[in-house]
1. Within the set of pairs 6+ apart or on separate chains, which have a first residue in the range A:46-73 that is touching a residue at least 60 places away in the same chain (Cβ under 8 Å), a second that is among the acidic types (Asp, Glu) and surrounded by 19 or more Cβ atoms within 10 Å (Cβ to Cβ), and C-beta atoms under 9 Å apart?
2. Search the range B:1-46 for residues being at pLDDT 95 or above, in a loop (DSSP other than H, G, I, E, B) and within 10 Å of DNA strand D (Cβ to nearest atom), and hand back the single one that is farthest from B:Arg113 (Cα to Cα).
3. Which residues, counting only those in the range B:143-159, are free of Cβ contacts under 8 Å to residues at least 40 places away in the same chain and either within 19 Å of the chain's Cα centre (by Cα) or under 21 Å from B:Glu128 (Cβ atoms) (or both)?
4. Evaluate the range A:118-139: report whether one residue or more is under 17 Å from the mean Cα position of the chain (by Cα) and in a loop (DSSP other than H, G, I, E, B).
5. Hey, any hits in the range A:97-110 for a residue that's in contact (Cβ under 8 Å) with a residue 40 or more places away in the chain, of a type outside the set (Ser, Thr, Tyr), assigned to a loop (DSSP other than H, G, I, E, B) and away from every other protein chain (no Cβ under 12 Å)?
6. Given the conditions (1) more than 14 Å from chain B (Cβ to nearest Cβ); (2) in contact (Cβ under 8 Å) with a residue 24 or more places away in the chain; (3) surrounded by 13 or more Cβ atoms within 10 Å (Cβ to Cβ); (4) in a helix (DSSP H, G or I), and given that A:His94 satisfies all but one, which numbered condition is not satisfied?
7. Considering every residue within the range B:57-70, establish whether at least one is away from DNA strand C (no atom under 13 Å from the Cβ), more than 22 Å from B:Arg127 (Cα to Cα), within 14 Å of another protein chain (Cβ to nearest Cβ) and out of contact with any Lys or Arg (no Cβ under 6 Å at 6 or more places or on another chain).
8. Residues of the range A:143-159 being farther than 14 Å from B:Ser162 by Cα, more than 9 Å from chain B (Cβ to nearest Cβ) and of a type outside the set (Ser, Thr, Tyr), which ones?
2 protein chains.
Amino acid sequence: MEATAPTLSRKAQIDQTATALFRTRGFAATSMRELAEALGLEAGSLYSHIKSKQELLHRICFRLADDFFAGFAAATHDSAEPAAVQLRWAIESHVRVLTQDVAASAVFLHEWRHLSEPARTEFLALRERYEAGFRLLIQRGIEQNDLRTSDTAFATLTLLASLNWLPTWYKPEGKLPPSEIAHRLADQLLLGLANS
Amino acid sequence: MEATAPTLSRKAQIDQTATALFRTRGFAATSMRELAEALGLEAGSLYSHIKSKQELLHRICFRLADDFFAGFAAATHDSAEPAAVQLRWAIESHVRVLTQDVAASAVFLHEWRHLSEPARTEFLALRERYEAGFRLLIQRGIEQNDLRTSDTAFATLTLLASLNWLPTWYKPEGKLPPSEIAHRLADQLLLGLANS
DNA sequence: TAAGGTTCCTAACGTTCGTTAGCAAGCGTA
DNA sequence: TACGCTTGCTAACGAACGTTAGGAACCTTA
């Protein structure tokens with residue numbers, strides 16, 4: 001068992017439906033019977049495909065973590081580029097991952113608390129590593145005199161906060177394409193609201 | 001019954017403990033037995049003081065909504081002031097409410113989904129009204145040539161997003177006093193990260 | 001002392017929860 | 001045809017859930 005690619009279709013379907021339910025009702029408030037009904041089958045049948053409810057949450061959260069890291073790595077790959085430019089790319093990559101799967105992003109951002117140990121601790125460590133990446137970019141941007149802020153850690157949190165609120169209001173069918181959203185977000189965060 | 005001020009102390013104690021638990025474990029994942037144990041009594045005893053678990057969530061959410069509106073009204077009371085200044089005050093008021101009771105703020109921001117109807121709909125309407133207040137300030141700031149943005153609604157969402165992430169990392173015992181946090185947040189959001 | 005209110009208890013209710021066991025139908029491959 | 005794999009079913013398990021009923025101890029006020 002656990003070979004390369006058997007039984008991926010039905011499992012993926014369960015993941016997707018679970019993601020949508022976890023997003024709107026929350027992990028704890030979503031029952032396996034609800035999930036089963038949304039898929040058109042009985043609760044017990046789910047366990048032919050998954051091991052537990054916890055496993056679903058685990059897969060959703062860590063898959064997205066992988067996506068964020070991959071995007072960040074790509075955005076900061078060209079280290080010859082100024083840090084401020086790399087930061088803008090990292091912001092746009094972050095937004096791209098968020099908009100690519102809004103439901104999974106919302107779960108990733110809000111439902112990770114319900115991960116059982118040791119996954120929860122592992123998740124938080126990953127999150128911290130990711131934030132540290134942004135912090136370093138901002139720090140280097142300041143050294144290169146392209147950015148300014150009184151508190152790097154503070155600025156990092158605020159920046160990611162703005163980005164991470166996106167899944168609460170973003171609608172894939174909205175008029176703004178993800179790339180445009182990413183661009184505007186980066187503009188507003190880097191240039192501010194005030195007229196110079 | 002339901003007179004002016006009988007039995008307020010124990011009830012308030014329950015509210016406070018429930019707020020802390022709802023924040024860390026989430027509303028759905030917090031059981032009345034857990035809540036009772038945290039207060040040093042049995043589950044059934046809670047119902048001498050409250051009507052239901054739902055009532056607890058309702059009170060927490062709507063009390064904070066009141067606080068936000070009161071703060072906003074005070075911040076924008078002097079309509080002779082430029083909109084950009086009123087906006088800064090409104091931001092600082094928002095941060096003040098958030099930091100005054102971080103646990104309740106976190107519940108307000110994340111657990112309102114579990115309000116049952118019609119409270120949930122009512123809550124969302126209040127939230128929209130509050131956001132509209134900020135939107136109007138930004139709009140007027142643009143007309144008065146003190147602010148600039150390509151999309152008012154967009155800027156409003158981003159601004160509130162930065163503020164609302166605060167309860168996830170703010171520690172009352174931290175080195176920065178709330179007023180300083182409010183000031184820095186307003187600065188970063190209004191002036192941006194980039195060097196002019 | 002009597003009355004009323006507050007606070008908390010024990011015990012239990014009906015329901016829902018995540019999960020398991022055992023079985024059967026359908027499938028493609030040998 | 002026979003095999004193994006996938007997919008799904010029914011039925012049930014023990015546990016936990018929110019909530020209620022009924023009673024007891026305590027405090028204050030009359």
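The values are calculated or read from the model by the stated rules, or taken from the named source; none is laboratory data. If you're wondering where the values come from, they're calculated on a predicted model, not measured in any experiment. Neighbour counts are summed over all protein chains in view; Cβ atoms, including those assigned to glycine, are modelled from backbone coordinates with ideal geometry.
1. Hits for this filter: A:Cys61/A:Glu111.
2. Only one residue fits best here, namely B:Ser31.
3. B:Thr149, B:Asp151, B:Thr152, B:Ala153, B:Phe154, B:Ala155, B:Thr156, B:Leu157, B:Thr158
4. Looking through the range A:118-139, none of the residues is under 17 Å from the mean Cα position of the chain (by Cα) and in a loop (DSSP other than H, G, I, E, B).
5. Yes: the range A:97-110 contains one or more residues that are in contact (Cβ under 8 Å) with a residue 40 or more places away in the chain, of a type outside the set (Ser, Thr, Tyr), assigned to a loop (DSSP other than H, G, I, E, B) and away from every other protein chain (no Cβ under 12 Å).
6. Unmet condition: (1).
7. Filtering the range B:57-70 for residues away from DNA strand C (no atom under 13 Å from the Cβ) gives B:57-70.
Next, only the ones that are more than 22 Å from B:Arg127 (Cα to Cα) stay: none.
No, the range B:57-70 contains no residue that is away from DNA strand C (no atom under 13 Å from the Cβ), more than 22 Å from B:Arg127 (Cα to Cα), within 14 Å of another protein chain (Cβ to nearest Cβ) and out of contact with any Lys or Arg (no Cβ under 6 Å at 6 or more places or on another chain).
8. Narrowing the range A:143-159 to residues farther than 14 Å from B:Ser162 by Cα: A:143-152.
Of the ones still in play, those that are also more than 9 Å from chain B (Cβ to nearest Cβ) are A:143-144, A:152.
Passing the criteria: A:Glu143, A:Gln144.
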